[in-house]
Amino acid sequence: MTKLLNDVIKRAIKCGPVPKMRNWRRIKMTNRTRAELAMTFIETYCKTPEGKHVGNPIKLAPFQECFIYAIYDNPHKTRRAILSIGRKNGKTALSAAILLLHIIGREATQNSQMIAAALSKEQASLVFKLAHKMIMQSSELMDLVKVIPSQKILTGIQKNVEFKAIAKDSSGGSTMGLSPVCILIDESGQVLGTNDPFIESLTTSQAAHEDPLYITISTQSPSDADYLSTLIDDSITSQDPHTVTHVYAADEKCDLMDKQQWKYANPALGIFRQLPDLEDQLKQAVRLPAKEASVRNLLLNQRVAQEALFISASIWKNNSAEPDLSLFRNPDNVVGMSLDLSARNDLTAAVIAVENPLDKHVHVIPFVFCPTQGIEERSKRDRAPYDSWVKEGFMIPIGGNSMDYEQIATYLRDKLDELGISLQVISFDRWRMDILEKCFEQIGAFTGVERVPVGQGFQSQSPSLENMESLLLEKKIHHGNHPLLTMGASNAIAVRDPTNAVKLDKKKATARIDVLQAAHQAIYTVSDGLNSGNIVDISALVG
């Protein structure tokens, strides 16, 4: 193994044991470890299923050996294994080889079940097809596996291990009756949102097993708020000894033509990842900037949305300091609140903001409301852990099946009174605001507070979004990493009109951005001159 490849592997290990790489092929069988015996099976019985070297015995690359060592020689026993890597680095072929290891190899468990899952039928069938091709190319394996191609089922005859390839779009998300000891999730980076009911039901179906194993091999997700990103980040933070996480990715904002960065995301480069193909695609991205986001995500394995994200993950993280409550209580400071109202069965956001007069930093605190009933259903629909956020106090359940605006009005009045906060300005989108205003009037809340109606078009939204962008770049926002605000920031898609004015497109966002919509307007009311002199109705200025 070259020194560079050693460095590439070391930097990729984010969680789990750092394996001691041995020249295992020269070690006697009786002295080989569990991982080395697994690799022996793969290289002895598994043939390259397609491509230039089709039919030749598989030769594991060092980064693949490292991943197998980490899984099977982990002294704490591995329960979850994550390998994230750029495209065309043998992800699916490795998955197929590991699959056969658990069907007819040394990792086969008597009368057990294995699952390979993906979001689409086509993706789910890829692992099955490659495993089937490996079987058909080996006379030894052909006699040990019963194949039912039409149902994507493989059965290891010796230990009665059944394998199924299932897809979310063909199963309707149903996993009834499944109890797999091992699950392979192919391209989990395609799962948008923090969770997915289909994958969640698969992982919970493993509860009956003492040593279940969950493996996912995928290119990274575009967003920090997506499923695979949350798994990776949680493993890095927790350093759970039962989790193995290897991430091969180029550095953020690296030069597209930096060849060392290519290696960081493509450790198979020069082995079975072809350099000319990779180089051609990266050169094209340099010439055509519209392709850059896609290339960074798929080839350099970076978290880059293929749409234009309004806020980059790194910039948002640089502004995650906790808000200072004393600034909101200071009567000399202007406190603004912005509202993003919802239909009666959805989310409503109220965000308060204040500017520190000394350093011009803006501090924000969100209040997010949802109907009390149906939280679990909305969690599944929006692919977000609303139920957990309610328990942790980040969301406020209101009413029953629908949103109760009177309860929202009462909560905001009582909560701000409790915190000792007085408002000077409220900005809002006009939609349904007449209902909430009647509730404010009935309970005598926020009388004498200036109101600023704000439209949702380019001209109305652009000033506040540009203001928020400038403050974020200067690290002058304190958002405290509130999960619903972060969810919006991680998924907000910016679109522009011919005049280069900007707004956020809710239809293109992969998760709800209601809280961010309220936040950028609240920030604007206290940081861009609206609090000096007369309050200005922005929508009136733009007609």
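Between ASP277 and ARG32, what FRET efficiency comes out of the Förster formula 1/(1 + (r/R0)^6) with R0 = 51 Å and r the beta carbon distance, rounded to 0.05? Plugging the Cβ-Cβ distance into 1/(1 + (r/R0)^6) gives 0.90. Working from label points 7 Å from Cα in the Cα-to-Cβ sense, the GLU376 to GLU406 distance is 3.0 nm. Given R0 = 45 Å, the distance between the Cβ atoms of LYS20 and SER150 translates into a calculated FRET efficiency of 0.50. Net charge dipole, the chain: roughly 2860 debye, given to the nearest 20, about the Cα centre with Cβ charges of +1 for Lys and Arg and -1 for Asp and Glu. Here's how it looks for ARG451: its modeled amide H is under 5 Å from those of ILE426, which are all 5 or more places away or on a different chain.
Given the C-alpha centroids of region 479-506 and region 223-274, what is the distance between them in whole angstrom? What the calculation gives is 25 Å, centre to centre. By DSSP, what percent of the beta bridges with both residues in region 314-541 are antiparallel, rounded to the nearest 5? Here the antiparallel bridges make up roughly 55 percent for region 314-541. Highest mean packing comes first when the peptides 331-337, 281-287 are listed by Cβ atoms within 10 Å, giving 331-337, 281-287. Per residue, the chain reaches -11000 deg cm²/dmol at 222 nm when only DSSP H runs of four or more residues are counted, each adding -39500 (n - 2.57).
In plain terms, the C-alpha convex hull of region 3-250 casts an average shadow of 13.2 nm² when viewed from every direction. Length available on full extension from ARG11 to HIS53: 0.36 nm per residue minus the Cα-Cα distance, which gives 12.2 nm. Compactness ratio for region 314-541: Cα radius of gyration over 2.2 N^0.38 Å (N = residue count) comes to 0.95. Ranked by the mean number of other Cβ atoms within 10 Å of their residues, highest first, the peptides 241-254, 23-36 come out as 241-254, 23-36.
Take every Cα pair under 8 Å whose residues are at least 6 apart in sequence, average their separation, divide by the length of region 274-393, and the relative contact order is 13 percent.
Under a no-solvent Debye model with one identical scatterer per Cα of the chain, what's log10 I(q)/I(0) at q = 0.05, 0.06, 0.07 Å⁻¹? Scattering profile of the chain, log10 relative to I(0): -0.26, -0.36, -0.48. In this label model, LYS360 and GLN442 are separated by 4.4 nm, measuring between points 7 Å along each Cα→Cβ vector. Secondary structure note: in the chain, about 45% of the DSSP beta bridges are antiparallel. A simple rule links phi to the HN-Hα coupling: the Karplus curve 6.51 cos²θ - 1.76 cosθ + 1.60 with θ = phi - 60°, which for region 185-192 gives 9, 8, 6, 5, x, 7, 6, 8 Hz, with x for Gly and Pro. For GLU322 and ASP414, calculate 0.36 nm times their separation in residues minus their Cα-Cα distance, and state this gained length in nm to one decimal. Computed gain between GLU322 and ASP414 is 30.9 nm.
Report relative contact order for region 314-541 in percent, whole number only (criteria: Cα-Cα under 8 Å, sequence separation at least 6). It rounds to 28 percent for region 314-541. The amide H of PHE367, built 1.01 Å from its N in the peptide plane, has ALA350, VAL351, ILE352 as neighbours under 5 Å, considering only residues 5 or more places off or on other chains. Summarising the strand pairing of region 3-250, around 30 percent of its internal DSSP beta bridges are antiparallel.
Put simply, the amide H of CYS46, placed in the peptide plane, has neighbours under 5 Å in ILE58, leaving out anything fewer than 5 places away on its chain. Once the convex hull of all Cα atoms in region 89-157 is built, its volume per residue stands at 92 Å³.
Cα centroid separation, region 372-418 to region 112-132: 39 Å.
Sequence-distant contacts, meaning Cα pairs under 8 Å at least 6 residues apart, place the relative contact order of the chain at 14 percent.
Here r is the Cβ-Cβ distance between LYS253 and LYS507 and R0 is 35 Å; the resulting FRET efficiency, rounded to 0.05, is 0.80. Placing a label point 7 Å from the Cα of HIS76 along the Cα-to-Cβ direction, the residues of region 221-259 with a backbone N closer than 13 Å are 235-245. In summary, region 170-325 shows an alpha-carbon radius of gyration equal to 1.21 times the 2.2 N^0.38 Å reference for compact globular proteins.
Laboratory data are not the source of any read-out in this text; all were calculated from the coordinates shown. None of the values given here were measured: they were computed from a predicted structure. As a convention, Cβ positions derive from the backbone with ideal geometry for all residues, glycine included, and neighbour counts pool all protein chains shown.
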